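The structure that follows is given in the form of C-alpha cells.
Read the figures in this text as sums done on the coordinates, not as results from a lab. Here the structure is a predicted model, which is why all the values come from computation and not from measurement. Here the Cβ positions follow ideal geometry from the backbone for every residue, glycine too, while neighbour counts run over all protein chains shown.
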Amino acid sequence: MSTEPIKADTHFLRDTIYGLTEQIDLLTILQDLSKKIVSGFDFDQIINRFLDVVKEVVNYNACALFLYNEDLKTYRVVSSRGGPMKKFNDDVPDNKIVDWIIKEGRWTPIPNESKTPPKKFQSILPLCGMIKKLGFLFMISDQDEHCYNKTNMTILSFIADQAGIALENQNLYVQLNDSRKYINNIVESINNGIVAIDLSGEITLINKNATAILGIESGDVIGKSYREVFTDKLTKKIDSLIKKIINQGYVIETRFEHSPYKEFPITIGINASVLLDDNNNKIGIIFVFRDMLASMEIQRLLQQDEMKSEFVSNVSHELRTPLSIIKSYIEAILDQVDPEDYNTQRDFLNVVNKETDRLSGLVNDLLDISRIESGKYKISLTPVSLPEIIQSVIDNLKSETDSHNIITRIPSDLKPISADRDKMTQVFINLINNAIKFSPEGGEIEIQVIIMEKMLLCLIKDQGIGIAEECIPRIFDKFYRVDTSDTYEIPGTGLGLPIVKHIIKSHGGEITVKSELNRGSEFILSLPYGDSKQIK
Amino acid sequence: MGEKKTILIVDDMPQIRNILRFSLKKEGYNVILASSGRIALDHAFDESNSIDLILLDIMMPKMDGYEVMRQLRKVDRTKEIPIIFLTAKAQQKDVIKGLEVGGNDYVVKPYRFDDLNKKIQKWLG
C-alpha cells in the first residue's frame with residue numbers, strides 16, 4: 001500500500017473536519033441570530049435586532065430598511081442607520097433592480113453610481129415573507145467586495161428569512177390583537193348583558209352590562225362558577241334553564257324578576273344558546289340578559305303609535321259617514337227629487353239637519369278628546385249646585401223626548417260642590433242622554449244622589465238594553481261602541497263616555513258602571529264632597 | 001230597455017239604505033235592502049230573488065262586509081254577482097283587502113251618486 005493515498009485521505013479528512021466544524025459554528029451562529037430576531041412581537045425591537053445582526057456580518061456604514069407599503073404601492077424606509085431616513089426615501093434604489101433582486105431572493109451587490117473615491121460597496125438584502133413581498137435592506141459599506149462571500153451570503157439570507165417571518169408574525173399578531181379588541185369592544189358596547197360559561201359552569205366571559213344588569217359587585221368573576229357569582233334566585237333559574245338549553249339548543253326571552261338590591265326588583269329577559277366550537281361540539285352556554293323595562297317602553301310607544309293611527313282611521317270613518325249621508329241627500333234633492341215634491345224635500349232636509357248636528361257634535365267631542373290628550377283640557381272650579389245642573393239637563397232633554405219617565409231623588413240638604421259648571425253639565429247630558437237612547441220608550445230613568453262621608457254618589461239608572469259583561473271594560477275606550485245591530489241604529493260618536501270619565505277624574509272623582517243585558521245599566525259617579533278646601 | 005236589474009243594498013245605516021233606494025229606483029233599478037250581513041246573505045241565497053249587483057258596506061256589526069263577501073263567493077248561486085264595496089273605510093289597505101276578498105269595485109263615502117251609478121252600469125254591462 002502506498003502512503004500517498006493515505007496522505008490524501010488524511011488531507012481530505014482534515015478538510016472535512018474543518019468544514020464540519022465551520023458548518024457547526026455557522027449553524028450555532030445562525031441559531032443564536034434567529035433566536036435574537038424571532039423572540040418578541042415588538043416591531044421596532046425586531047427591526048433593531050435584525051439590523052444589529054446584519055451589522056455583525058457586514059460591517060455597513062449606513063443602511064436603510066425598506067418595507068412594502070400596501071397603501072402607497074411602493075417601498076418606504078421604516079428604519080435607517082448612518083444617515084437620515086429622508087435621504088434614503090428620496091434616493092430609493094432603482095425599482096427594476098429591486099424587483100429583480102427580490103425575485104431572486106438573495107443578497108446582491110448593486111452598481112455604485114458615485115464616481116468619486118473612496119468607492120463604496122452597495123448591496124441589497126431582500127426580505128422574503130411567506131405570502132407577499134415584504135421589503136429589503138439597502139446597505140452601504142466602506143469595505144470592498146471581499147465580505148461578499150458564500151458563507152456571508154448563507155448567513156444573511158438565513159437572517160433575512162428569519163426577519164421576514166418575524167415581521168410577518170408581528171403583523172399577524174397586530175391584526176389578531178386588533179380583531180380581538182374589536183370583538184371585545186362589541187361585547188362591551190352591546191346594549192345587553194352577556195355571560196358565557198363553560199360546561200362546568202365556570203364563567204368564561206362577562207361584559208360590563210351583565211355586571212350592571214345582574215348587580216354583580218365584584219369585577220373579577222372570570223373562572224368562578226356562576227353559582228358563586230349570581231344570586232341564589234338567579235342561580236336556581238339558570239340551573240333550571242341549562243337542561244333545556246342543552247337539549248333544545250336555546251331558550252328565548254324567559255322572564256325573570258331579578259332583585260339584586262332588595263328595594264329595586266327589575267324584570268329581565270333571558271335569552272340563551274349553546275356555544276359550539278368549530279366542530280360543532282358543545283363547549284358552553286351564552287346567556288344574554290336584557291332589561292325588559294327598556295323593551296316594555298318601546299312596546300308601549302309602539303302601541304301608542306298604533307292607537308294613534310287607529311284613532312285617525314276611526315275619526316276619518318266617523319266623519320265620512322255623516323258627510324256621506326249629507327251629500328247623498330243633498331244630491332238627491334238637487335238632481336232627483338221632483339221640485340214640486342215638498343214633502344220629500346222636507347224629509348230629506350230633516351235627515352241632513354240631523355246629520356249636521358251629529359257632525360258638529362262629533363267635531364266638538366273630537367276637540368275635547370284632543371284637548372284632553374294634549375293636557376290642555378282645563379277645568380275651572382266654582383261652587384255649583386248639582387240639583388240645578390241635573391234639573392236643567394232634564395228640562396232640555398225632555399223637550400226632545402217626553403216618552404221617558406225621569407225620576408230624581410236628591411237630598412234637599414245637598415250643599416254646593418266644587419265643580420266646573422259647563423263640564424259637569426256635559427257629564428249629565430251625556431249620561432242621561434245615553435240612558436234615554438238605550439231605553440225603550442216609556443222606560444224609567446232614575447237619578448239619585450247619596451251623601452256619603454266626604455263624598456257624593458250619583459247614580460243614573462235605566463231599564464234599557466244594558467251592556468254585555470265582556471263589553472263593560474271597554475265602554476270608556478275612545479270610539480268603542482257596543483257592537484250590536486240595535487245600538488248601531490242609535491247615533492253616537494263613541495267619544496261621550498271617554499270624555500265623561502276624564503271630566504269626572506279631573507274633579508277627583510270616579511265613574512263605574514253596573515249593567516245587565518236587557519235589564520238596564522247603572523252609572524255610578526263618586527265626587528268629593530264637603531271638603532272645605534274644595535270650595536273656594 | 002230590457003228587464004229591470006235588481007240591486008241589493010247592504011248597509012247598517014238606515015239613512016244610507018233609504019237614500020240609495022230612492023236614487024237607484026229613480027234610475028230604474030229594482031232595489032232590495034239589507035240592514036246586516038246576515039239579512040244580506042238570506043236575500044242573496046233566496047231563490048225567489050235574482051240579484052244582479054250588490055252594494056256592500058264594510059263596517060257593520062256582527063258580520064262585516066268582508067265576511068259577507070267570503071260567504072257569497074263560496075256559493076255557486078252568488079259567486080259571480082258583481083259586488084261594489086261602499087264604505088267610509090278609506091285607507092289603501094282597506095281598498096286592497098276589499099279587492100282581495102273578491103270585491104269587483106270600491107267606492108269611498110262620501111261619493112258622488114253619478115260616479116257610483118257609472119260603476120254600477122259598468123258592472124251590469
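Roughly what % antiparallel, to the nearest 5, for the DSSP beta bridges in region A:382-534?
Values: 24 of 29 bridges.
So the antiparallel bridges in region A:382-534 amount to around 85 percent.
Quick check on region A:297-373: what are the equivalent-ellipsoid semi-axes from the Cα gyration tensor, as sqrt(5λ), descending, whole Å? Display every interim value, and only then the final one.
Details: eigenvalues 292, 32, 6 Å².
Value: 38, 13, 5 Å, ordered largest first.
Rounded to the nearest angstrom and ordered from largest down, what semi-axes does the equivalent ellipsoid of region A:355-471 get from its C-alpha gyration tensor (root of 5λ)?
Three semi-axes, in Å: 23, 22, 15.
Are there any chymotrypsin sites (Phe, Trp or Tyr not before Pro) in region A:8-63 that are in a DSSP loop and have at most 16 other Cβ atoms within 10 Å? List them by number.
Qualifying residues, ordered by number: A:41.
Which longest uninterrupted range of chain B lacks any trypsin sites (Lys or Arg not before Pro) assigned by DSSP to a loop state (not H, G, I, E or B) and surrounded by at most 13 other Cβ atoms within 10 Å? Spell out each step's value before the answer.
Details: sites that count: B:4, B:62, B:112.
Longest run free of exposed loop sites: B:5-61.
Continuing with this model, one more query. Counting only Cα, what are the radius of gyration and maximum Cα-Cα distance Dmax of chain B, in Å?
Answer for chain B, Rg first and Dmax second: 13.2, 39 Å.
Follow-up. Filter the GluC sites (Glu not before Pro) in region A:341-433 to those in DSSP coil with at most 14 other Cβ atoms within 10 Å of their Cβ, and list the result. Walk me through the intermediate numbers first.
Values: sites: A:355, A:373, A:388, A:400; in loops: A:400.
Listed in order of number, the matching sites are A:400.
Could I ask something else about it? Take the residue pairs A:478/A:501; A:378/A:505; A:96/A:120 and return only those whose Cα atoms are more than 19 Å apart.
Details: A:478/A:501 11 Å; A:378/A:505 12 Å; A:96/A:120 21 Å.
The answer is A:96/A:120.
Follow-up. Restricting to bridges with both residues inside region A:349-470, how much of the DSSP beta-bridge set is antiparallel, in percent to the nearest 5? If you can, show how the numbers build up before the last one.
Numbers: 10 of 15 bridges.
Beta bridges within region A:349-470, antiparallel portion: roughly 65 percent.
By what distance, in whole Å, do the Cα atoms of region A:382-534 stretch along each of the three principal axes, largest value first?
48, 31, 24
Compute the distance from the alpha-carbon center of region B:21-66 to that of region A:370-401, in whole Å.
Spelled out, the Cα-based centre of one part sits 42 Å from the other.
For chain A, what is the relative contact order in percent, using Cα pairs closer than 8 Å and at least 6 residues apart in sequence?
Numbers: 749 pairs, mean separation 40.5, N = 536.
With pairs under 8 Å counted, the relative contact order is 8 percent.
For region A:275-406, just the Cα atoms, rotate onto the principal axes and tell me the three extents in Å, largest first.
Projected onto the principal axes, the Cα atoms of region A:275-406 cover 93, 53, 30 Å.
Would you work out if region A:12-176 is rounded, prolate or oblate? Take a ≥ b ≥ c from the square roots of the eigenvalues of the alpha-carbon gyration tensor; rounded if a/c is under 1.5, else prolate when a/b is larger than b/c, oblate otherwise. Spell out each step's value before the answer.
Values: a/c = 1.89, a/b = 1.17, b/c = 1.62.
Judged from the Cα gyration tensor, region A:12-176 comes out oblate (a/c at least 1.5, b/c at or above a/b).
Right, something else. Can you give me the long-range amide H partners of residue A:464? Hydrogens built in the peptide plane at 1.01 Å from N, cutoff under 5 Å, separation of 5 or more residues or another chain.
A:520, A:521
So if I take the alpha carbon set of chain A, get Rg, then get Rh from the Kirkwood formula, what is the Rg over Rh ratio? Intermediate values should be presented prior to the final figure.
On the way: Rg = 47.5 Å, Rh = 34.2 Å.
Here Rg/Rh amounts to 1.39.
How far is the Cα center of region A:17-87 from the Cα center of region A:168-222, in Å?
Spelled out, the Cα-based centre of one part sits 38 Å from the other.
Still on this structure, please answer the following. Using DSSP to call loops (not H, G, I, E or B), can you name the trypsin sites (Lys or Arg not before Pro) in region A:351-406 whose Cβ has at most 12 other Cβ atoms within 10 angstrom? Could you put the intermediate results ahead of the total?
Values: sites: A:354, A:358, A:371, A:376, A:378, A:398; in loops: A:376, A:378.
Of the trypsin sites (Lys or Arg not before Pro), the ones in loops of region A:351-406 whose Cβ has at most 12 other Cβ atoms within 10 Å are A:376, A:378.
Select from chain A the helices, each a whole stretch of DSSP H, whose alpha-carbon atoms run 27 Å or more along the helix axis and whose Kyte-Doolittle mean is at least -1.0; answer none if there are none.
Numbers: long enough: A:3-38 (51 Å, -0.03); A:150-189 (58 Å, -0.21); A:292-335 (62 Å, -0.02); A:342-373 (46 Å, -0.54).
Long hydrophobic helices here: A:3-38, A:150-189, A:292-335, A:342-373.
Another question, if that's okay. Could you please tell me the mean projected area of the C-alpha convex hull for region A:412-460, averaged over all directions and given in square nanometres to one decimal? Display every interim value, and only then the final one.
On the way: hull surface 16.8 nm².
Computed as one quarter of the Cα hull surface, the answer is 4.2 nm².
Checking a compactness column here: for region A:191-292, what do you get for Rg(Cα) / (2.2 N^0.38 Å), N being the number of residues?
On the way: Rg = 12.8 Å, N = 102, 2.2 N^0.38 = 12.8 Å.
Output field value: 1.01.
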